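The structure appears right after this line, and notes come after that.
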C-alpha cells in the first residue's frame, strides 16, 4: 500500500524529491484512471447484456475512437451446419462498436478474415453502431475440422442471420448491411436468403459472377480504357516474359532478402504474374498507362513496375493459405476468372491452361453448381429492393456487376474511371447527393452533409 502521509512529508525536503513525488503522483492518477476505465467497461449495461447471451464468449474490450462509448471483440458460437443446430459447433469472431441502443447499426459482412476493429465509411456517414463479422473458415473463425462442404453461401448467410437476430435484442434502430468486394458479395447472399433481416444493403464493388470462370472478364479487358493503353499493357507483358532469365534472378534475390516463400517455382511465378497483370492493372488503378515501361525497358524497370501493380505477396504460399477457402467457394459456387493466353502462347513455358483452378486447396473437392449464382442473380434482379450498389467503372470486377432490370427500387452507382477501391467519398456533387438521398429515403433519416 502507498503511504501518502510520508509522501507529503518528503515534498518539502528538497526539489529533487518534489519532482520524484510528482512523477509518482501522476503515475498513480494514470493507474487509477485506466483501472476505473476497465472497471466501468466490465460493469456497463452493454457488457452485462453481452455476457448474458449463451452464444457469446471471450468478450474483450478493444480500442476505439472517441465517437464510440464501448468496443469489444468476441466470439459467437455457431452450428457448423445450420440444418443441424445441435450438431458440431465452431466459434466465429465479431467486433462491436457501440454508440447507442436506439441508433442504427451497420452490419459489416467480411468476405475473408476480419482485419480488426476499424470504422467503416458507412458507419461514419450514418453515425451508427457497428458489427463486423469475420467469414466462416477464415482468420479465427475456422472450424476445428475443416469440412469444406459447409463452406457455402447458405451456411454463411445463416451465420449472419443468427448474429443479427441476437443483436436485435440490444439494438432497436434500423439495420444496414455492407461489405467490400467478397464482403460485398457476402452482403448480397445474406440479403438473398434473409431479406427481412436488414433494412438496407450497401455492397461495394461486389461481382455477381455467372460462371466458374466468367467470360465477361475477357470482354472487359479487351474494351476498357483506350486501345493504345491496352496495346501497351500487352507489350509490357510480352517484354516481361522475354526478359525471363534476368527477372527470375530478381525474383530469387527478393525471395532471399525478404524471406519470401513462393507457392510455385520461379518460372511459374513469373508467368503467373504476367497473366495476372492486366486484371490487377485495371482492378486497382494504382498505376496509370503512362507509368507502364516501354518494351525496351531494362529488366529491373519492368520488374519494379510489376511489383507495384502486382505485389509479390499474392504469389506466396502464405497467400494461398490465407485465401484457400475463397478459392473453394469460387470454384464450387460464386465464380472467378481465368486468363486469355493467346497473346503470349509463344512465350509461355510453364502455364498451358488459362484456368485458375490450381489455386484451390488440394484437399477440397470441386463440383461447380451454376444454379447457385443464377438463383442469386435472378432474385436480386426481381426482388432485391433497398440495395445500393457501389462500383468503380474501370475495376475489372465491374465486368460482372449486377445488371438491374428496373424491377426493384435498387440503385447502382458507378464511379467513372473508378477502381476496386471506389467508395462513396469518391463520388462528387450530384452523384453523391443521389447516394445520400437514397439512404435517407430508405432509412427515414437525415444525413449530415
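Any read-out appearing in this document is the output of simple, stated calculations on the displayed coordinates, not a laboratory observation. Owing to the predicted nature of the structure, the values given are computational and were not obtained by experimental measurement. Positions of Cβ are generated from backbone atoms using ideal geometry, with glycine treated the same way; all protein chains shown enter the neighbour counts.
Structural remarks
- C-alpha long axis of helix 370-383 to longest principal axis of the chain, angle in °: 70
- Length-normalised contact order of the stretch 216-359 in % [C-alpha pairs under 8 Å, at least 6 apart]: 30
- Helix 429-443 axis versus longest C-alpha principal axis of the chain: approximately 60°, rounded to the nearest ten.
- The stretch 327-348-the stretch 362-422 distance, computed between alpha-carbon centres (Å): 19
- Between the stretch 425-445 and the stretch 172-219, the alpha-carbon center distance in angstrom: 19
- The fewest-to-most ranking of 379, 282 by surrounding Cβ atoms within 10 Å reads 379, 282.
- Projected label distance in nm at residue 254 and residue 57, using a 7 Å step from Cα toward the beta-carbon: 4.3
- Cα gyration tensor, the stretch 224-361 - rounded (a/c under 1.5), prolate or oblate: oblate
- Most fluctuating residue given options 178, 316, 66, as computed from a GNM of the chain linking Cα atoms under 10 Å: 66
- Nitroxide proxy distance, nm - points 7 Å out along Cα→Cβ at residue 46 and residue 84: 3.7
- If you run the Gaussian network model on the chain, springs between alpha carbon atoms under 10 Å, then out of 342, 141, 401 the most flexible one is 342.
- Counting DSSP beta bridges with both ends in the chain, the antiparallel % (nearest 5): 45
- Estimated translational D of the stretch 84-205 in µm²/s (Stokes, Kirkwood radius over Cα pairs; 10 °C; 1.306 mPa s): 110
- Note on residue 353/residue 127: beta-carbon distance plugged into 1/(1 + (r/R0)^6) with R0 of 56 Å gives a FRET efficiency of 0.65.
- Per-residue [θ]222 nm for the chain (sum of -39500 (n - 2.57) over DSSP H runs n ≥ 4, rounded to 500): -13000 deg cm²/dmol
- Seen through its C-alpha gyration tensor, with square-root eigenvalues sorted a ≥ b ≥ c, the stretch 211-257 comes out oblate because a/c lies at 1.5 or above while a/b is not bigger than b/c.
- Calculated FRET efficiency for the pair residue 238/residue 445, C-beta based, R₀ 56 Å, to 0.05: 0.55
- What the Kirkwood sum gives for the stretch 236-283 is a hydrodynamic radius of 11.3 Å, with every pair of different alpha carbons counted.
- The fraction of Cα-Cα pairs per 10 angstrom bin, counted from 0 for the stretch 352-449, comes to 13, 32, 32, 16, 7, 1 percent, rounded to whole percents.
- Using alpha-carbon coordinates, inclination of helix 317-329 to the longest axis of the chain, degrees: 80
- With the largest listed first and rounded to whole Å, the semi-axes of the equivalent ellipsoid of the chain from the Cα gyration tensor are 43, 31, 23.
- Our summary gives the chain a relative contact order of 14 percent, counting only alpha carbon pairs under 8 angstrom and 6 or more residues apart.
- The stretch 304-449, relative contact order in percent, only Cα pairs under 8 angstrom and at least six apart counted: 17
- Likely footprinting exposure, 249, 243, fewest C-beta neighbours within 10 Å first: 249, 243
- Among 116, 406, 393, the largest mean-square fluctuation in a Gaussian network model of the chain, built with springs joining Cα atoms closer than 10 Å, belongs to 406.
- Extension reserve of the residue 437-residue 408 stretch, reckoned as 0.36 nm per residue once the Cα distance is removed: 8.7 nm
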